[in-house]
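Data first, discussion second: the structure below is written as structure tokens.
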């Protein structure tokens, strides 16, 4: 019974697995293929999100590689191809999104955050540096009386420099 259940689970898992992508078909023109390969490195896989479509084994990455090759073969420029991909998937599809109002935080947010933290730490450090005034002669005498009157026993773990 357990064996039949394991086989059924394995069969369902295999049926649910994504089929492997079709093999890439490079462009016949070497210059166009080199252009396509250069574009692949700047386009993010929308499934993997940390890999370029050049390196991603996902089916969508293979589809995007095919789309880029088709558009290059149709004579579209790199800018037009990127613009079309951004239209479909948003700025996230590019590893280097354009600097515009919507991506300002993405580009300059980390720097702004670091500057804000540095300013906050600097202000906190300035406020914590309160100058302490020296004790007056009367206060020094009172401290000396308190220390002399206290029944202090020496710390057995203290070093000679601590006394």
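The values are calculated or read from the model by the stated rules, or taken from the named source; none is laboratory data. Everything numeric in this text was worked out from a predicted model, so none of it was measured. Every residue, glycine among them, receives a Cβ derived from its backbone with ideal geometry; neighbour counts consider all protein chains shown.
From the residues in the range 32-67 that are assigned to a helix (DSSP H, G or I) and in contact with a strand residue (DSSP E or B) (Cβ under 7 Å, 6 or more places away or on another chain), which one is farthest from residue 100 (Cα to Cα)?
Checking each candidate, the answer is 64.
Going through 91, 78, 84, 63 one at a time, which residue ends up being under 19 Å from the mean Cα position of the chain (by Cα) and closer than 24 Å to residue 35 by Cβ?
91
Enumerate the pairs (first residue in the range 83-99 and outside any helix (DSSP H, G or I); second residue anywhere and at pLDDT 90 or above) with beta-carbon separation below 6 Å, excluding pairs fewer than 6 apart on the same chain, so at least 6 apart or on different chains.
Every condition considered, the pairs that remain are 95/42; 95/44.
Return yes when residue 27 is over 17 Å from residue 97 (Cα atoms), touching a helix residue (DSSP H, G or I) at 6+ places or on another chain (Cβ under 9 Å), assigned to a loop (DSSP other than H, G, I, E, B) and modelled with pLDDT under 95 and no when it is not.
Yes.
Would you mind finding the one in 120, 109, 102 that is surrounded by 10 or more Cβ atoms within 10 Å (Cβ to Cβ), without any contact (Cβ under 8 Å) to a residue 12 or more places away in the chain, assigned to a helix (DSSP H, G or I) and touching a helix residue (DSSP H, G or I) at 6+ places or on another chain (Cβ under 8 Å)?
On inspection, the qualifying residue turns out to be 102.
Quick test for you: out of 33, 18, pick the one residue that is at pLDDT below 85 and surrounded by 10 or more Cβ atoms within 10 Å (Cβ to Cβ).
Exactly one of 33, 18 is at pLDDT below 85 and surrounded by 10 or more Cβ atoms within 10 Å (Cβ to Cβ), namely 18.
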